1. Residue check: is residue 211 in contact with a Pro (Cβ under 6 Å, 6 or more places away or on another chain) and crowded, with 22+ Cβ neighbours inside 10 Å?
2. Out of 380, 402, 408, I need the residue that is part of a helix (DSSP H, G or I), at pLDDT below 85 and surrounded by 14 or more Cβ atoms within 10 Å (Cβ to Cβ). Which one?
3. Consider residue 40 against the criteria (1) more than 21 Å from residue 229 (Cβ to Cβ); (2) of a type outside the set (Lys, Arg); (3) open to solvent by 40 Å² or more (accessible area, probe 1.4 Å): it satisfies all of them except one. Which criterion is unmet?
4. Checking the structure you have, find out if any residue of the range 1-12 is touching a Ser or Thr at 6+ places or on another chain (Cβ under 9 Å), buried (at least 20 other Cβ atoms within 10 Å of the Cβ), at pLDDT below 90 and not hydroxyl-bearing (Ser, Thr, Tyr).
5. Please count how many residues of the range 124-140 are of a type outside the set (D, E, K, R) and open to solvent by less than 30 Å² (accessible area, probe 1.4 Å).
6. Go through the range 120-168 and count every residue that is modelled with pLDDT of 90 or more and of a type in the set (Lys, Arg).
7. List the residue pairs whose Cβ atoms are under 9 Å apart, where the first residue sits in the range 18-30 and is over 19 Å from residue 205 (Cβ atoms), the second is at pLDDT 90 or above and of a type in the set (Lys, Arg), and the two are 6 or more positions apart or on different chains.
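The values are calculated or read from the model by the stated rules, or taken from the named source; none is laboratory data. Just so you know, these numbers come straight off a predicted model, no measurement behind them. Here the Cβ positions follow ideal geometry from the backbone for every residue, glycine too, while neighbour counts run over all protein chains shown. SASA here: full protein model, heavy atoms, side chains in, ligands and nucleic acids out. Shrake-Rupley method; radii C 1.70, N 1.55, O 1.52, S 1.80 Å.
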Amino acid sequence: MTEMTDSGVGATRRMLSKVPEVTVWFWIIKILCTTVGESFADWINMTLGVGLNLTAALFTVILVAVLSWQLRLTRYVPFAYWLTVVVLSVTGTLYTDILTDGLSVPLAASTSVFAAILAVVFGIWFVRERTLSIHSIRTTPRELFYWLAVLVTFALGTATGDWTLELTGWSPGISVLLPAALIAAIALGRRLGANAVLSFWLAYILTRPLGANLGDWLASPTADHGLGLGTAVTSVLFLVAILATVLYLTRTRRDTIADENSSPTTTPTTQPSRERLMLGYYALVAVAAGALLVWASAQPHATASGTEEAAPAAASTAPAPVHAHFPPAEIATFRTITSDTLTLIQTGHHGAAKSRIKDLETAWDRDQNTLQPMDGGSWTTIDGRIDDALHAVRADTPDQTTEIRTLTDLLTTLG
């Protein structure tokens, strides 16, 4: 079955293919882009302290500019295309973070909402164009549907990945394995005759949690079983890798679909019975993944703050001796900053509190190389409490009760 023609679409502009051929290079650079989306968004929002709303607004403006440039092109240009993917990755991540951190929407709910939105986008796209194949991206309406779907897949992938981590408490390194295994299962299914378009979009969604978890693994401190590169270094490394790959593809044109007559706009004919069989295979993979998550969620695991889940009757705060192996002068500095921040929150000076808690983040990061080797477990516990306080104070819609609780917990942890 050939791709439908564009007659009847009105005055729609006819173009060469606006997207790359799906080769190994496509998937490599896609994962690089998703990793940048996670680490770069965290760096701007948390490390620089810009805040979720302002960062999201900034990247929305950048997205509009970059997407406008991409839409004006009449053929696939690697730099413009992948720049759009990078910006969409960052923006989609930020939109999910706003729902989770800013509006306190449960990750299960945001995952369900984004999944429903993606289903609607695909439904309208198919009803209007009769195809979801990326080889058909030769008109402006199809390209608009494509980029909207890409944006939602980034948001959905972010929510799904974060929800998985919330359920399981897996370390960043371990968390990479599930999406990687699922992508491998999809690749096997495609080789055995699964529907090409379905397989592509399933893998496309899963590259988001894979890239995000990979970014977390590289950026997370070694005490949290990461490689300790930090979000800034991770972002730079992957941006350089993306640029090098794009330059290579621009020079070699190895991922360019030449024209509609020579391009593989159709996939090899697959027997309907084989596709139905592979749908059952995908369903079994999904059930197995769900069973694994249910099992993992029932196991004792680390909470978001990096501490072990306590028994129901245990106190919610960490014991005072957690800082015993650290120099008293440093602990006194951390306590002073935390106490100042708490006072500012209690007296309604939220702007000043955000500025003051930045001093805590700076001092803690500065002393990491000194304190962490002294007592890795205590360092991880305090680091988790500081992260909780930073999230609470920097929330775009801060809740004073949560701010006071997290700051009080931090003071208790510091002794």
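1. Answer is no for this residue.
2. Being part of a helix (DSSP H, G or I), at pLDDT below 85 and surrounded by 14 or more Cβ atoms within 10 Å (Cβ to Cβ) holds for just one of 380, 402, 408, which is 380.
3. Here residue 40 meets the rest and fails (1).
4. no
5. So the count comes out to 8.
6. Final tally of qualifying residues: 2.
7. The qualifying pairs are 18/142.
Yes/no per residue for (1) touching an Asp or Glu at 6+ places or on another chain (Cβ under 7 Å); (2) among the hydroxyl-bearing types (Ser, Thr, Tyr); (3) modelled with pLDDT of 85 or more:
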| site | (1), (2), (3) |
| --- | --- |
| 302 | yes, no, no |
| 358 | no, no, yes |
| 362 | no, yes, no |
| 368 | no, no, no |
| 376 | no, no, no |
